[in-house]
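Readers should treat all values here as calculations from the given coordinates under stated rules, not as data from a laboratory. Note that this is a predicted model, so its numbers are computed, not measured. Cβ coordinates were reconstructed from backbone atoms using ideal geometry, including for glycine residues, and neighbour counts include every protein chain displayed.
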Amino acid sequence: MIFGIDIYLFLAAVGVALVAGVVKGAVGFALPMILISGLSSFLPAELALAGLVLATLLTNLAQALRQGGAAALASVMRYRLLIGCVMLAICVSAPLVPVLSDRVLYLLIGVPITIFTVSQLAGRHLILPARHRGRAEIAMGLTGGFFGGISGVWGPPVIAYLLSFNTEKTEMIRVQGVVFLIGSVMLLFAHLGSGVLNAQSLPFSAALVLPAAIGMWAGLRLQDRLDPTRFRRATLVVLAVAGLNLIRKGLMG
């Protein structure tokens, strides 16, 4: 036994964290989605949620600061409305984790995300005019934060928002890191309060940081080789897989 679970389960969790880190490094997101999907298939749901918190926090910190603190601060100011909505919704929804069934919630987010990404991959690009930016930030920030507080996954609505405004690759990666970093700080404190993170689950969460970081380092090497078109397509493919997985979880429980 290690961290209260069998050693083979812990090694499986390390493997999931490594894979999640590679994908995170390559496209800038999906680490918590892969962790919650993978870990919850063989661990209790609350332990799986606890397991992703610290790895998500620290990999987002590295991603947000890759171009330096000044660039990260500029992204905070530009996307402050989106960030504020994510933070607010996480605080509201995180206390619901112990009592709320999430099957319907998975479907509510998985279906529109899958439709969006499949249509984009089919060549039907949805690029919104700048005048809709404020309303889109509020809608996607609240949606992402609400589901993030419950499941630890708030990436899909935020990514869909950035893709809809045709955000440039480097800025998109940095903004993802900034938004996800602030959201993951909120998630950390929210689940310290909810009891999901406790004396038993915190060491397990900390143990997954190193494999996630190693995987992210490898993924960053891949990201640097992707041109903007391939990067967008890779992002959409990962997002589509994430959406389909959310639908699967909603249908199967």
If each DSSP helix of 4+ residues adds -39,500 (n - 2.57) and the sum is divided by the residues in the chain, what number results at 222 nm, nearest 500 deg cm²/dmol?
-25500 deg cm²/dmol
Counting Lys and Arg as +1 and Asp and Glu as -1, each charge on the Cβ, what is the dipole of the chain about the Cα centre in debye, to the nearest 20?
760
In what order do F147, F29, F189 fall by count of nearby beta-carbon atoms within 10 Å, going from fewest to most?
F189, F147, F29
For the pair L88 and Q200, the simple spin-label estimate (label points 7 Å beyond Cα toward Cβ) gives in nm 3.7
For a label point 7 angstrom out from the Cα of L188 toward its Cβ, which stretches of region 70-96 have the backbone nitrogen within less than 15 Å?
none
Please give the helix 133-151 orientation as an angle from the longest Cα principal axis of the chain, in degrees from 0 to 90, rounded to the nearest 10.
10
Can you figure out the FRET efficiency of A139 with Q67, using R₀ = 25 Å and their beta-carbon distance, to the nearest 0.05?
0.35
Can you run phi through the Karplus equation (6.51, -1.76, 1.60; θ = phi - 60°) for region 183-189 and list ³J(HN,Hα) in whole Hz, with x for Gly and Pro?
x, 6, 5, 4, 5, 4, 5
Volume per residue, Å³, of the convex hull around the alpha-carbon atoms of region 7-252?
111
Correct response: the longest run of the chain lacking exposed trypsin sites (Lys or Arg not before Pro), defined by DSSP loop and at most 11 other Cβ within 10 Å, is 1-123
Roughly what would the spin-label model give for T229 and A74, points 7 Å off Cα along C-beta, in nm?
2.8
With viscosity set to 0.890 mPa s and temperature to 25 °C, compute the Stokes-Einstein D of region 141-251, Rh being the Kirkwood radius across alpha carbon pairs; µm²/s, no decimals.
156
Spelling it out for I2: with amide H atoms placed in the peptide plane at 1.01 Å from N, the residues 5 or more places away or on another chain with amide H under 5 Å from its amide H are I7
